[in-house]
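Nothing in this text is a laboratory measurement; each read-out follows from the coordinates by a stated rule. Not measured: the values here are computed from a predicted model. Please note: Cβ atoms are built from the backbone with ideal geometry, for glycine as well, and neighbour counts cover all protein chains shown.
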Amino acid sequence: MNECDMASDILKKTRDGNDLSPEHLWLVSNAVNGFLNDQGKDKFKELHEEVISGRYKKPYLHGIEHLTIDHEGFVHWRGKHVEHYDISFALSDKGKEAAQELAKRCRHLEQKGIEVNVTNVVWRWKKLQ
């Protein structure tokens with residue numbers, strides 16, 4: 001099976017890539033365009049196997065449980081929008097620090113029984129902490 005067929009399979013199983021992490025969508029794009037080295041091809045094949053088998057789970061942003069990011073940069077905590085980052089920033093070291101702080105805020109609000117959303121996490125944070 002060639003990369004285009006594999007990419008098509010992946011996109012069909014992930015709602016046109018909407019269920020993929022930004023890094024995995026980038027991998028699919030580079031596979032289709034022929035930009036992968038041998039290591040990238042191996043990663044792409046692994047991704048294909050995970051998606052086709054139904055084992056794929058969108059990875060957490062920087063490994064922080066419950067924190068994910070979509071392709072437009074919207075950051076979610078347990079599926080609720082809590083912030084927006086530029087993708088390149090989100091994946092950087094500074095983005096990791098920001099994500100850790102964001103998760104700390106979300107956990108704090110949950111512990112207090114306050115709704116976790118972008119308003120409370122960002123705009124009302126000083127009043128709610």
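Summary table
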quantity: Tail beyond 19 Å, pair distance distribution of the range 61-128 (Cα, percent); calculated: 24
quantity: 32 Å Cα-Cα threshold exceeded, pairs from 43/94; 12/112; 13/126; 43/96; 13/127; calculated: 12/112; 13/126; 13/127
quantity: 222 nm mean residue ellipticity, helices alone, for the chain (DSSP H n ≥ 4; -39,500 (n - 2.57); rounded to 500); calculated: -15000 deg cm²/dmol
quantity: Folded to 0 to 90 degrees: helix 22-32 orientation relative to the chain principal axis, Cα; calculated: 20
quantity: Under 13 Å, Cβ to Cβ, from residue 127 - net charge with Lys/Arg +1 and Asp/Glu -1; calculated: +4
quantity: Cα-projected label distance for residue 126 with residue 89, points at 7 Å along beta-carbon direction, nm; calculated: 1.9
quantity: Computed Rg/Rh of the chain, alpha carbon atoms with Kirkwood Rh; calculated: 1.06
quantity: Cα pair count fraction exceeding 14 Å, expressed as % - the range 3-53; calculated: 40
quantity: Highest-first arrangement of 33-42, 55-64, where packing means the average Cβ count within 10 Å; calculated: 55-64, 33-42
